[in-house]
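See below for the structure under consideration.
The values are calculated or read from the model by the stated rules, or taken from the named source; none is laboratory data. Just so it is clear, the model here is predicted, and its values are computed rather than measured. A quick note on method: Cβ atoms are made from the backbone with ideal geometry, for glycine too, and the neighbour counts reach across all protein chains shown. Accessible surface areas use protein heavy atoms only, side chains included; no ligands, DNA or RNA. Shrake-Rupley method; radii C 1.70, N 1.55, O 1.52, S 1.80 Å.
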Amino acid sequence: MVQERTDPSAAADGGQEPAAASVSGPGGEGRRLTAARVAAGAAGGLLLYTAFPPLDWWLCAPAGIALIAASLYGSRPRRAAWIGYLAAAVFLFPTLAWVRPIGDDAWLMLVALESFFYAAMAAAAALVFRLRLWPLWFACLWVAMEWLRSAVPFGGFPWARVAFSQGESLFTSYAALGGAPLVSFAVTLCGALLARAALQRPSRAPLRAVPAALAVAVPLLALAVPRPGDEGRTVNVGIVQGNVPGRGMHVMGDEPAVVLRNHADETKRLAQAVREGRLPKPDIVVLPENSTDIDPYRDPSANAIISDSVRDVGVPTLVGAVVSIGDTQRATRSLVWDPATGPGAYYDKQHLVPFGEYTPMKDIVLALSERANLVGRQSVAGDRPGDLKMGPVTVGAVNCYEVAYDGTVRGTVRAGGTPLVVQTNNATYALSNLPPQQLAMSKLRAVEHNRAVVTSATTGISAYVTPDGKVAWRTRELVADMTVVQVPVRTRETVATRVGAAPEWALMVMGAAAVGAAAWRGRRRGDRMGTD
């Protein structure tokens, strides 16, 4: 039996690496300590899930991260990796449960893949725990992990980033300073500082006050983040949610053009409400993604239905359409429809959903999966931001899945889009935790860019979010609904809009440098940590 007595708190106080704690054999760790790590990691993952919509217990995010950090602290890289993987799986299984309508196998595979990113981060974290100020380096590594999983594979998957649990919290204002990455950093730093305080050895308990006080200070400092004010200009935006007949993978039902008719009828009901004085006259109207299930360029009847409803409401209308590109491809399009001249300017979705709008490794996947053929025509990505002139404003069009991508939203704002308009089709995932998670992203984007966000969804949740991130109006799901909201038009940019991804890259470089420094010191000491 070997007993290592090195004090784990020395990593922060004297720069010593943490011990692997009491072990039952060479390179091993006591069963009770391993069990405690596993329990803390799993509990941390579960707490992190509760911070996300629909529960929205945002304080659970730093608490969950504190448990995850504590579960990894003092562990060797290999053990840290599988504990990190476990914590991620416990977090992601319920958080991404909205994938289940596609198939339980897709849900399991997605969670299994995404958890590897957390495992890699945990292994790197085991190294930086050797350094002073490790809560800072741990938070930097978390930002790097979220960046990587937002980029690869197949364009990345930014859902379930910690920032998206903070749509309305004390941390939210950091979005106006450094975007979603800075919010994730602040929440993770707060949690790591809580872990640092809890891990302080009993004989030095008074020192717990320092990291604990810093953990409290992190969210409070967000109150000092500068935010642009109102500019005194508004626009009336009509929002239409037409609903669809089907559910799950068969949302369009069996009747042709039913989705188009539903949204055209709801647009006409909005026009009638305006004529009767029940709603103010809109300046523009927004319909959701896929509000027409028939290509209006190629089908005269679809074109006529849309033209009739837009003429009735009498203002430029943003129509969501899937349009054909040649004989084998398609585009998901935000199409400005003028009541007099018909279809005009448009924006094509840039970030496409892999296996939903296009099929990566097409020949192999289609041969192995019959369900993959449901994608049909392969979508073509757009190559320009969604600034579209509509009546008195230039809206910033964002399509559904894209609201999770920092660069896409930022590019649209920089191109002049205000307000932001998110057209979305969540029909496959109705009543799951996807619609509220997507709304939380809109709340964060509103604060990040000082822009009102209008969301129009086929089945819900359609909403209007103020530039302060507050939901001023929203629909229920699986109902037809419409309204007209008065939306502030703001043009001033936040610090986050101006500096772009610079804070994210700075944090990632810091994290990488910390890993390098820890590895170098480990080699100089003969790598006493070893491997499990």
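Recomputing Cα Rg over 2.2 N^0.38 Å from the coordinates shown identifies the correct label among (i) 1.10; (ii) 1.05; (iii) 0.93 as (ii).
Among DSSP beta bridges lying fully in segment 408-532, give the percent that are antiparallel, nearest 5. Antiparallel bridges: around 55 percent, rounded to the nearest 5. Shown for the chain are the DSSP H helices of 15 Å or more along their axis, judged by Cα atoms, with a mean Kyte-Doolittle hydropathy of at least 0.0: 31-50, 60-72, 77-95, 104-128, 134-149, 175-199, 209-221, 300-313, 502-524.
For the chain, the share of accessible area belonging to carbon and sulfur comes to 60 percent (1.4 Å probe, ligands and nucleic acids excluded). When you restrict to C-alpha pairs under 8 Å that are six or more residues apart and normalise by the size of segment 452-532, the relative contact order lands at 17 percent. For the chain, the relative contact order is 16 percent, taking Cα pairs closer than 8 Å that sit 6 or more residues apart in sequence and dividing their mean separation by the residue count.
The residue list L189, W98, L199 was ranked by how far each Cα lies along the charge dipole of segment 97-207 toward its positive end, using unit charges on Cβ atoms, and L199 comes out on top. Placing unit charges on the Cβ atoms of the charged side chains and taking the dipole of the chain about its Cα centre, the candidate lying farthest along the positive direction among N243, P360, L318 is P360. Could you work out the pair-distance distribution P(r) of segment 372-477 from its alpha-carbon pairs, with 5 angstrom bin width and percents rounded to whole numbers? Pairs per bin, as whole percents: 2, 13, 23, 23, 19, 12, 5, 2, 0. The residues of segment 147-187 have, on average, 22 Å² of accessible surface per residue, using a 1.4 Å probe with all protein chains present. Treating each Cα of segment 445-532 as one equal point scatterer and applying the Debye formula with no solvent, the log10 of I(q)/I(0) at q = 0.20 Å⁻¹ comes out as -0.95. Bridges between two residues of the chain, per DSSP, are antiparallel at a rate of about 65%. For the chain, the number of Lys pairs with C-alpha atoms closer than 27 Å, counting only pairs eight or more positions apart or on separate chains, is 13.
Of the residues G469, A440, A42, the one whose Cα sits farthest towards the positive end of the charge dipole of the chain is A42 (charges of +1 on Lys and Arg Cβ, -1 on Asp and Glu Cβ, taken about the Cα centre). Histogrammed with a bin width of 10 Å, the alpha carbon distances of segment 442-486 distribute as 33, 49, 17, 1 percent, first bin at zero. Counting only protein heavy atoms and a 1.4 Å probe, segment 440-532 has 39 square angstrom of accessible area per residue.
Considering only GluC sites (Glu not before Pro) in DSSP loops that have at most 14 other Cβ atoms within 10 Å, the longest stretch of the chain without any of them is 5-230. Reported to the nearest whole Å, the Cα centre-to-centre distance from segment 260-300 to segment 456-514 is 24. Against the compact-protein benchmark of 2.2 N^0.38 Å, the Cα-based radius of gyration of segment 25-84 scales to 1.25.
Charged side chains reduced to their Cβ positions (Lys and Arg at +1, Asp and Glu at -1) give the chain a dipole of some 1960 debye around its Cα centre.
Can you give me the Cα centroid spacing of segment 65-137 and segment 141-155 in angstrom? Each part's Cα centre sits 13 Å from the other's.
For segment 111-187, the mean projected area of the C-alpha convex hull, equal to one quarter of the hull surface, is 5.5 nm². Calculated over segment 176-241, the projected area of the Cα convex hull averaged across directions stands at 7.6 nm².
When you work out D = kT/(6 pi eta Rh) for segment 126-239 at 10 °C and 1.306 mPa s, using the Kirkwood radius from C-alpha pairs as Rh and the Stokes-Einstein form, the result is 99 µm²/s.
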